[in-house]
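J.: My questions will all concern the structure given below.
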Amino acid sequence: MRKFASGRLRSLLIHSFQQKHILRPHHPSSSLSSSLPRFLSSSTPVLDFPPSSTSSMADPSASKLPVTLQNINPKILKCEYAVRGEIVSLAQRLQEELLANPGSHPFDEILYCNIGNPQSLGQHPITFFREVLALCDHPSILDKSETQGLFSADAIERAWQILDQIPGRATGAYSHSQGIKGLRDTIAAGIEARDGYPADPNDIFLTDGASPAVHMMMQLLISSEQDGILCPIPQYPLYSASIALHGGTLVPYFLDEASGWGLETSELKKQLEDARSKGINPRALVVINPGNPTGQVLAEDNQRQIVEFCKQEGLVLLADEVYQENVYVPDKEFHSFKKVSRSMGYGEKDISLVSFQSVSKGYYGECGKRGGYMEVTGISPDVREQIYKVASVNLCSNISGQILASLVMSPPKVGDESYELYCAEKDGILSSLARRAKTLEDALNNLEGVTCNRAEGAMYLFPRINLPQKAIKAAEAANTAPDAFYCRRLLNATGIVVVPGSGFGQVPGTWHFRCTILPQEDKIPAIVTRLTDFHKSFMDEFRD
């Protein structure tokens, strides 16, 4: 039987923004002003991000060093990444204290519900994928007789196929900057099988996860702060961070929480026109489907409206589809934007579309392997050359990640020795995630003052918490956002780590947190119990 073993405080964000990098959205329900970034009209409400302070970072000895906060690239100061922010730093400190002094806190372990990192929380890798990786990394064992008894026949065959595509059969060597051609061929075939429309391997750029691909496109599209990128609010902080790092302007559009985090094209149009009226040139629209942090799955009709909107407005559609395998409800289905646009009769000359995929999510959860790709369509050959030039600067993505990306898009098939085990592992993971999502969703909706939309997909829930005024005032006194105040108290009392909604953006005056569904199923009841007990105590303490 084959087995596999399975900062800083967020003190630099809003305060250091110089009214530069996020456009102030029109939102009728907004009534709260805030210190969040670049909104051109000071009378229009802004998104809620937590307040910050740089005073604690002063160090008299630092002034003697050649690199200081005053002379580093200001774009670095303007970016943030909430899912590894203040709350996580505190959690890591508490974990060290528990190790050094067991029993020092009212919990015996830290439960990380802050980030989509499945294997860190006990999810096992897919056996076939790891067998192929192991054989590719150590090809000398392929010819040994013992290998036949330790590895499946199809894994051995696939490893030989992949090694034949790698120059020198060496996974430690550089590859083509777009990725190994044979692996791109396999991925293109997988995309074609998924969508029913042709895919060109020359459109595919293999990257170290989806994040570098996003950065690459931001580099390409943003030349100044007059260039805007339409992003959903709430949004995955990669986008706000990347836009800030490359000196552009985030143009936010609000998802409608009341309709299950719906995406209305009327909202897109309103924010687009508002941006243009303020001298911003929107270049692209980011859509995350299934949603992060919100967990919704777009209906195909809605996707058609989005495609039409981008075509009519001349926007590049940036489709974040890394959770395409994570759909948990029977009435929803994932459709790629490539499939939707082609079904509408739109081809390469009609719409510019960049689709992102990653080996970190889905049922595979191979975050540390750093594999992913973008499929770039509707881009002229001369622009594609420039994208390739940028990819070449980084030489190539890592070979293990490239191999995994090809395996994800071409898993075992009926008749392969690994097929039954592969299906059992995949179905077991996805069905368990669906149960965990439903259990947490129900638990959250049973809490006083908490509402949580249906968990349709992805790996997260994003409940809204209606906090008492007494709690909000206590947060203000502590110089922190109310949802961050709640999350810090939750961590100190229970060891549960979640991310404040203010790190993702939200309608002003509303408060949320993001919680993953990834802790193993046998830990979910303990999370529910701890969260329920804490919330009751918190509400009793701060009841108005």
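The values are calculated or read from the model by the stated rules, or taken from the named source; none is laboratory data. Just so we're clear, the structure is a prediction, and the values are computed from it rather than from any experiment. Note: ideal-geometry Cβ built from the backbone for every residue, glycine included; neighbour counts use all protein chains shown. Surface accessibility is based on the protein's heavy atoms, side chains included, excluding ligands, DNA and RNA. Shrake-Rupley method; radii C 1.70, N 1.55, O 1.52, S 1.80 Å.
J.: Regarding the stretch 126-145, can at least one residue be identified that is in a loop (DSSP other than H, G, I, E, B), assigned by the TED database to the domain that holds LEU430 and not small (Gly, Ala, Ser)?
T.: No, that holds for no residue.
J.: Only one of THR451, THR494, THR516, THR480 is hydroxyl-bearing (Ser, Thr, Tyr) and within 23 Å of TYR363 (Cα to Cα); which?
T.: Among THR451, THR494, THR516, THR480, only THR516 is hydroxyl-bearing (Ser, Thr, Tyr) and within 23 Å of TYR363 (Cα to Cα).
J.: GLY196 passes all but one of (1) open to solvent by 10 Å² or more (accessible area, probe 1.4 Å); (2) modelled with pLDDT of 90 or more; (3) touching a helix residue (DSSP H, G or I) at 6+ places or on another chain (Cβ under 6 Å); which number fails?
T.: Exception for GLY196: condition (3).
J.: Looking at the stretch 302-341 only, could you name the residues that are crowded, with 21+ Cβ neighbours inside 10 Å and part of a helix (DSSP H, G or I)?
T.: Hits for the stretch 302-341 are GLN303, ILE306, VAL307, CYS310, PHE337, LYS338, VAL340, SER341.
J.: Can you name the number of the only condition in (1) modelled with pLDDT of 90 or more; (2) open to solvent by less than 10 Å² (accessible area, probe 1.4 Å); (3) small (Gly, Ala, Ser); (4) within 32 Å of the chain's Cα centre (by Cα) that ALA134 fails?
T.: Of the numbered conditions (1) modelled with pLDDT of 90 or more; (2) open to solvent by less than 10 Å² (accessible area, probe 1.4 Å); (3) small (Gly, Ala, Ser); (4) within 32 Å of the chain's Cα centre (by Cα), the odd one out for ALA134 is (2).
J.: What are the residues in the stretch 444-469 that are modelled with pLDDT of 95 or more and assigned to a helix (DSSP H, G or I), if any?
T.: Matches in the stretch 444-469: LEU444, ASN445.
J.: Being among the hydrophobic types (A, V, I, L, M, F, W, C), within 34 Å of the chain's Cα centre (by Cα) and open to solvent by less than 10 Å² (accessible area, probe 1.4 Å) is the filter here; which residues of the stretch 141-165 pass it?
T.: ALA155, ALA159, ILE162, LEU163
J.: Is there any pair linking a residue in the stretch 436-454 that is closer than 14 Å to ARG530 by Cα to one that is in a loop (DSSP other than H, G, I, E, B), with Cβ under 7 Å and at least six apart or on different chains, and which?
T.: If the second residue must be in a loop (DSSP other than H, G, I, E, B), the pairs left are LEU440/ILE517; LEU444/CYS452; LEU444/PRO463.
J.: Show the residue pairs meeting these rules: Cβ distance below 7 Å; 6+ apart or different chains; first residue within the stretch 238-263 and more than 17 Å from ASN292 (Cα to Cα); second residue open to solvent by less than 20 Å² (accessible area, probe 1.4 Å) and acidic (Asp, Glu).
T.: Pairs that qualify, where the first residue is more than 17 Å from ASN292 (Cα to Cα) and the partner is open to solvent by less than 20 Å² (accessible area, probe 1.4 Å) and acidic (Asp, Glu), are GLY248/ASP227; THR249/ASP227.
J.: Would a scan of the stretch 358-368 turn up a residue that is under 26 Å from PRO167 (Cβ atoms) and open to solvent by 50 Å² or more (accessible area, probe 1.4 Å)?
T.: Yes, the stretch 358-368 contains at least one residue that is under 26 Å from PRO167 (Cβ atoms) and open to solvent by 50 Å² or more (accessible area, probe 1.4 Å).
J.: A further question on this structure: Can you name every residue in the stretch 454-469 that is under 20 Å from the mean Cα position of the chain (by Cα) and surrounded by 23 or more Cβ atoms within 10 Å (Cβ to Cβ)?
T.: Residues satisfying the conditions are ALA455, GLY457, ALA458, MET459, TYR460, LEU461, PHE462.
J.: With the checklist (1) of a type in the set (Asp, Glu); (2) open to solvent by 10 Å² or more (accessible area, probe 1.4 Å); (3) in contact with a strand residue (DSSP E or B) (Cβ under 9 Å, 6 or more places away or on another chain); (4) at pLDDT 90 or above in hand, flag the one item GLU375 doesn't pass.
T.: Checking GLU375 against (1) of a type in the set (Asp, Glu); (2) open to solvent by 10 Å² or more (accessible area, probe 1.4 Å); (3) in contact with a strand residue (DSSP E or B) (Cβ under 9 Å, 6 or more places away or on another chain); (4) at pLDDT 90 or above, the one that fails is (2).
J.: Which one is nearest to the chain's Cα centre (by Cα), of the residues in the stretch 342-371 that are of a type in the set (A, V, I, L, M) and in a strand (DSSP E or B)?
T.: So, considering only residues that are of a type in the set (A, V, I, L, M) and in a strand (DSSP E or B), the one nearest to the chain's Cα centre (by Cα) is VAL354.
J.: Any residue at all in the stretch 127-142 that is touching a Pro at 6+ places or on another chain (Cβ under 7 Å) and under 28 Å from GLU441 (Cβ atoms)?
T.: Taking every residue of the stretch 127-142 in turn, none turns out to be touching a Pro at 6+ places or on another chain (Cβ under 7 Å) and under 28 Å from GLU441 (Cβ atoms).
J.: Follow-up. Take the stretch 274-296 and flag every residue that is surrounded by 24 or more Cβ atoms within 10 Å (Cβ to Cβ) and touching a His at 6+ places or on another chain (Cβ under 9 Å).
T.: ASN289, PRO293, listed by residue number.
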